[in-house]
Amino acid sequence: MTLKPEPFDLIELVTTTVEELRSLADQKHLHLEIETQVSNASAFNDPTRLRQVVTNLLSNAIKFTESGGIWVTIAEHSLDQITISVRDTGVGIDPADLPQIFEPFRQVDQTTTRKHPGTGLGLAITASLMQMMQGTVQVTSEPGKGSLFRVEFPRRLPTADEPVKPDPSYAG
């Protein structure tokens with residue numbers, strides 16, 4: 001996989017993606033809300049891959065939430081960093097299972113009678129895409145209370161002919 005950075009409107013991309021999945025939330029009578037906390041919606045990154053990340057996180061939130069709601073938040077972590085969060089009132093994840101959820105083909109419920117179908121690739125792909133986009137994915141969760149997935153990535157990915165700026169917080 002390669003990234004194809006181009007300019008796009010971040011709010012439009014996330015809103016369109018959420019609206020495409022809204023019918024799945026409606027079928028389960030879930031509240032689905034988007035909140036934007038950005039003063040500048042422009043971004044230069046890979047919109048196709050970012051859409052895939054949002055789709056993966058939102059699809060999981062819908063799949064694992066039986067009642068309540070899902071909130072998608074777009075925020076500026078800094079002038080150069082964007083954060084997209086997906087919070088739900090779903091089943092949550094046991095803290096002991098959190099380290100493995102980003103592994104390929106890994107699902108918390110590995111039994112053959114599990115309630116939620118899937119390949120176990122969505123979060124692994126999300127983590128891989130975030131790494132390619134020079135970003136991160138984090139999760140906090142509590143069983144029975146829901147989960148919060150948060151991706152953070154640069155608003156502007158450097159192009160092939162631009163040097164990558166070193167991370168000033170890295171002391172290695």
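The values are calculated or read from the model by the stated rules, or taken from the named source; none is laboratory data. A quick note: this is a predicted structure, and the numbers were derived from the prediction, not measured. So basically every Cβ, Gly included, is an ideal-geometry build from the backbone, and we count neighbours across all protein chains shown.
When the range 78-103 is examined, which residues are found to be over 15 Å from the mean Cα position of the chain (by Cα) and in contact (Cβ under 8 Å) with a residue 12 or more places away in the chain? Reasoning before the result, please.
Here is the first cut: in the range 78-103, the ones over 15 Å from the mean Cα position of the chain (by Cα) are 78-80, 89-100, 103.
Matches in the range 78-103: 79, 80, 89, 90, 91, 92, 93, 94, 95, 98, 103.
Which condition number in (1) over 16 Å from the mean Cα position of the chain (by Cα); (2) buried (at least 17 other Cβ atoms within 10 Å of the Cβ) is the one that residue 42 fails?
Condition not satisfied by residue 42: (2).
Please list, ordered by first then second residue, the pairs with beta carbon atoms under 6 Å, 6 or more apart or interchain, first in the range 35-51 and farther than 16 Å from residue 159 by Cα, second part of a strand (DSSP E or B).
Once the first residue is farther than 16 Å from residue 159 by Cα and sits in the range 35-51, its partners that are part of a strand (DSSP E or B) give 35/73; 36/74; 37/75; 38/74; 38/76; 41/9.
Among the residues of the range 45-69, how many are surrounded by fewer than 18 Cβ atoms within 10 Å (Cβ to Cβ), more than 27 Å from residue 2 (Cβ to Cβ) and small (Gly, Ala, Ser)?
Residues in the range 45-69 being surrounded by fewer than 18 Cβ atoms within 10 Å (Cβ to Cβ), more than 27 Å from residue 2 (Cβ to Cβ) and small (Gly, Ala, Ser): 3 in total.
Starting from the range 129-150, keep only residues that are loosely packed, with under 15 Cβ neighbours inside 10 Å, then list their pairs with residues that are at pLDDT 95 or above and basic (Lys, Arg) whose Cβ atoms are within a distance under 6 Å, requiring at least 6 positions of separation or different chains.
Once the first residue is loosely packed, with under 15 Cβ neighbours inside 10 Å and sits in the range 129-150, its partners that are at pLDDT 95 or above and basic (Lys, Arg) give 138/150.
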